[in-house]
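The values are calculated or read from the model by the stated rules, or taken from the named source; none is laboratory data. Because the structure is predicted, anything quoted here is derived from the model rather than measured. Here Cβ is always computed from backbone atoms with ideal geometry, including for glycine, and neighbour counts include all displayed protein chains. With ligands, DNA and RNA removed, areas are computed over all heavy atoms of the protein, side chains included. Shrake-Rupley method; radii C 1.70, N 1.55, O 1.52, S 1.80 Å.
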Amino acid sequence: MDYTTFRKQVLDKENSVVEQTKEFIKSIEDKTHLNSFITTNFEKALEKASESDKRFLEGEPRKLEGMIIAIKDNISTKGLRTTCGSKILENYVPIYDATVVERLNKAGAIIIGKTNMDEFAMGSSNETSYFGAVHHPLNSDYVPGGSSGGSAVSVAADMAFTALGSDTGGSIRQPAAFCGNIGFKPTYGRISRYGLVAFASSLDQIGTFANSIEDTAALYEVIAGVDAKDSTSANIPVEDTMLNIDNLNPKELKVAILSDVELKNCSDEVLSVYYSILRKIEQQGISIEEVSFDNFDAFIPTYYIVATAEASSNLARFDGIRYGYRAELQNGDDVIVKTRSEGFGAEVKRRIMLGTYVLSSGYYDAYYGKALKARRLIYDNYKKIFNQFDFLFLPTTPTPPFKIGEKLNDPVSMYLSDLFTSSANLGSVPAISIPLGASSQGFSVGMQIQSNHYEENKLLNFSKYMLSL
Amino acid sequence: MDTKAIKHIAELAHLKFKDEEIESFAIQFSGIINYVSSVEKLSLERIEPLTRPFEAQNVVRQDMAQSSIPKEDALLNAPKRNEMFFKVPKVIE
């Protein structure tokens, strides 16, 4: 059940927020083997649930009254532990709320807990968390995707109506595709990053997990919009995402699709879903046309250079002095070096090392400088595409979910999981993954729609239309 | 990439690897460098680097005093502290 349906039930007095909260709590307690939460917030959630019920009774429910939501553990929640899936922040309790959390609280949403994630959002399988791997709800031998794996699982396995995640190169869309829900990353700057622990500041964007486009839109409208505390937030009004699919005239829509060159690394199962959807939309009278991406093979290297360069700088703040873990010192130990070496896990160290290397003297121009130029090409290519087309339609992931452990010791093959998602972050465009098929093993297969900057309304409307076909 | 180069990068990053880790790390790290070095081959002359993902504009606010974090709050997460300060290991003799 989605929140929109639940809200109607409560308004019709057929359900209550307290009952629903209890149901989700039971579900979380029954499914601890999935390891999707790091910290739960049950007591507070129940308190807020009875307050919500009161507001419903009084006829004054707020926009997200009683929306029970899970929050990725890199989004700051005042008084509620926020670990980023890392030993270095194991006992860190924020003294302020992220802007998105503040807005959720004001709108009546109820935070049920903080979800597990790849350490500092660095991973595509949710295996790098200090608190252990998250498991796929359909088969625990498989990964749920990452880095927002806990958020995706909590929405897929009835532990919350919706969840927030963060997406730096696909960290919302990829787990949403693996777990069968809707994962939405708006345009860079649409949602304030204040209180999101930074991984790569020019790519990071907070976004949503939900089981319906209506829930996605309701949540998006509350958390989006300019914020004085984030000077990179866009000062562009957020319109009501009127979900009126009747306004869409398929015959006027032009959709760009990928050619065989870009799809060469796709598994047959993903390809067959992709092609069957293409046939469907053609039958609706929508015009589709292949577009080309120059240097497609350089997208992932470009992404990893930009992301790790920014990460190496952002993660310099973890020094064991003001907050977080501090190593026990013996004679001659450097507090910062020992704290970081013990506090960060293997993947985070790899990425800090890569970022430090590509920024280091003698390599800056060859790597970081080149990557910034390649990013310009990707950005310009998107502008060109969206001058001619309404949407770009592409798979979310090259393969269905893979097994736990399968790619963990082969970083490059893990990085390729982001093949179709990282370009939207490099180009700052909005992107959404919606479930449109299934693999032979029964895993959901997600497809991705991208649109021009700030066209979230159009994107959500078209997504709803696609889900209705 | 040899272990000496890895040690140099680690020093810049304020990280230290154990001697037994460093060789296997060097092999894996070289693989990653090799993979991302494909950007070196792109011909990108006369292309301006994209340094920020949005239209740059100055964001200013009124120059008004605002309250800051209370001292007690700022010290809440300190690994070591006294009533007033963060405590750090002695750095001068």
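Can you tell me which residue within the stretch A:297-324, out of those that are facing chain B (nearest Cβ under 8 Å) and not in a helix (DSSP H, G or I), is surrounded by the fewest Cβ atoms within 10 Å (Cβ to Cβ)?
Filtering the stretch A:297-324 for residues that are facing chain B (nearest Cβ under 8 Å) and not in a helix (DSSP H, G or I), the one surrounded by the fewest Cβ atoms within 10 Å (Cβ to Cβ) comes out as A:Arg322.
Consider A:Thr168 against the criteria (1) on the phi < 0 side of the Ramachandran plot; (2) more than 14 Å from chain B (Cβ to nearest Cβ): it satisfies all of them except one. Which criterion is unmet?
A:Thr168 satisfies all of (1) on the phi < 0 side of the Ramachandran plot; (2) more than 14 Å from chain B (Cβ to nearest Cβ) except (2).
Could you list all residues from the stretch A:140-162 that are under 21 Å from A:Val18 (Cβ atoms) and crowded, with 24+ Cβ neighbours inside 10 Å?
A:Ser154, A:Val155, A:Met159, A:Ala160, A:Phe161, A:Thr162
Right, A:Phe56: modelled with pLDDT of 95 or more, in a helix (DSSP H, G or I) and under 19 Å from A:Glu19 (Cα atoms) or not?
yes
Within the stretch A:325-344, does at least one residue satisfy the condition of being among the small types (Gly, Ala, Ser), at the interface with chain B (Cβ under 7 Å from one of its Cβ atoms), surrounded by fewer than 19 Cβ atoms within 10 Å (Cβ to Cβ) and more than 28 Å from A:Asn74 (Cα to Cα)?
No, the stretch A:325-344 has no match at all.
Please give the number of the condition A:Glu262 fails out of (1) surrounded by 11 or more Cβ atoms within 10 Å (Cβ to Cβ); (2) modelled with pLDDT of 95 or more.
Result: A:Glu262 passes all but (2).
So which pairs qualify, if the first residue must be in the stretch A:185-203 and among the β-branched types (Val, Ile, Thr), the second must be surrounded by 24 or more Cβ atoms within 10 Å (Cβ to Cβ), the Cβ gap must be under 6 Å, and the two must be at least 6 apart or on different chains?
Once the first residue is among the β-branched types (Val, Ile, Thr) and sits in the stretch A:185-203, its partners that are surrounded by 24 or more Cβ atoms within 10 Å (Cβ to Cβ) give A:Thr187/A:Pro430; A:Ile191/A:Ile206; A:Ile191/A:Ile223; A:Ile191/A:Ala224; A:Val197/A:Asn74; A:Val197/A:Cys84.
Sort out for me the helices (runs of 4 or more DSSP H) sitting completely within the stretch A:366-469 that have 1 or more residues that are in contact with an Asp or Glu (Cβ under 9 Å, 6 or more places away or on another chain) and away from every other protein chain (no Cβ under 14 Å).
Per the criteria, A:370-388, A:456-468.
When residues of the stretch A:325-365 are filtered for being within 25 Å of A:Ser125 (Cβ to Cβ), in a loop (DSSP other than H, G, I, E, B) and of a type in the set (Ser, Thr, Tyr), how many remain? Steps first, please.
Initially, the stretch A:325-365 is screened for residues within 25 Å of A:Ser125 (Cβ to Cβ), giving A:325, A:340-358.
When the remaining residues are screened for being in a loop (DSSP other than H, G, I, E, B), the result is A:325, A:344-345.
Restricting the remaining residues to those that are of a type in the set (Ser, Thr, Tyr) gives A:325.
Qualifying residue count, the stretch A:325-365: 1.
Any chance the stretch B:72-80 includes a residue that's surrounded by fewer than 16 Cβ atoms within 10 Å (Cβ to Cβ), among the acidic types (Asp, Glu) and closer than 23 Å to A:Leu89 by Cβ?
Yes, some residue in the stretch B:72-80 is surrounded by fewer than 16 Cβ atoms within 10 Å (Cβ to Cβ), among the acidic types (Asp, Glu) and closer than 23 Å to A:Leu89 by Cβ.
Can you find a residue in the stretch A:417-426 that is more than 20 Å from A:Gln388 (Cβ to Cβ), of a type outside the set (A, V, I, L, M) and surrounded by fewer than 24 Cβ atoms within 10 Å (Cβ to Cβ)?
No: zero hits.
Taking the residues in the stretch A:1-58 that are open to solvent by 50 Å² or more (accessible area, probe 1.4 Å) and β-branched (Val, Ile, Thr) as candidates, determine which candidate is farthest from A:Gly108 (Cα to Cα).
Here the answer is A:Thr32.
Quick one: how many residues across the stretch A:279-296 are surrounded by fewer than 16 Cβ atoms within 10 Å (Cβ to Cβ) and either within 23 Å of the chain's Cα centre (by Cα) or not in a strand (DSSP E or B) (or both)?
Selection size over the stretch A:279-296: 8.
Please give the helices (runs of 4 or more DSSP H) falling wholly within chain B in which 3 or more residues are under 25 Å from the mean Cα position of the chain (by Cα) and more than 7 Å from chain A (Cβ to nearest Cβ).
Counting at least 3 such residues, we get B:3-12, B:19-36.
Tell me the residue from A:Ser154, A:Ser166 that is touching a strand residue (DSSP E or B) at 6+ places or on another chain (Cβ under 9 Å), within 23 Å of A:Thr187 (Cα to Cα) and touching a residue at least 24 places away in the same chain (Cβ under 8 Å), please. Step through it out loud before you land on a result.
Numbers: A:Ser154 fails: within 23 Å of A:Thr187 (Cα to Cα).
Just a single option satisfies the conditions, and that option is A:Ser166.
Does at least one position in the stretch A:152-164 carry a residue that is among the polar types (S, T, N, Q) and either on the phi > 0 side of the Ramachandran plot or touching a Gly at 6+ places or on another chain (Cβ under 7 Å) (or both)?
No - not one qualifying residue is present in the stretch A:152-164.
Looking at A:Phe402, A:Phe443, can you tell me which residue is surrounded by fewer than 24 Cβ atoms within 10 Å (Cβ to Cβ), in contact (Cβ under 8 Å) with a residue 60 or more places away in the chain and more than 23 Å from A:Met466 (Cβ to Cβ)?
A:Phe402
Yes/no per residue for (1) assigned to a strand (DSSP E or B); (2) open to solvent by less than 20 Å² (accessible area, probe 1.4 Å); (3) under 22 Å from A:Ser76 (Cα atoms):
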{"site": "A:Ala200", "(1), (2), (3)": "no, yes, yes"}
{"site": "A:Gly207", "(1), (2), (3)": "yes, yes, yes"}
{"site": "A:Thr216", "(1), (2), (3)": "no, yes, yes"}
{"site": "A:Leu219", "(1), (2), (3)": "no, yes, yes"}
{"site": "A:Val222", "(1), (2), (3)": "no, no, yes"}
{"site": "A:Glu239", "(1), (2), (3)": "no, no, no"}
{"site": "A:Ile257", "(1), (2), (3)": "yes, yes, no"}
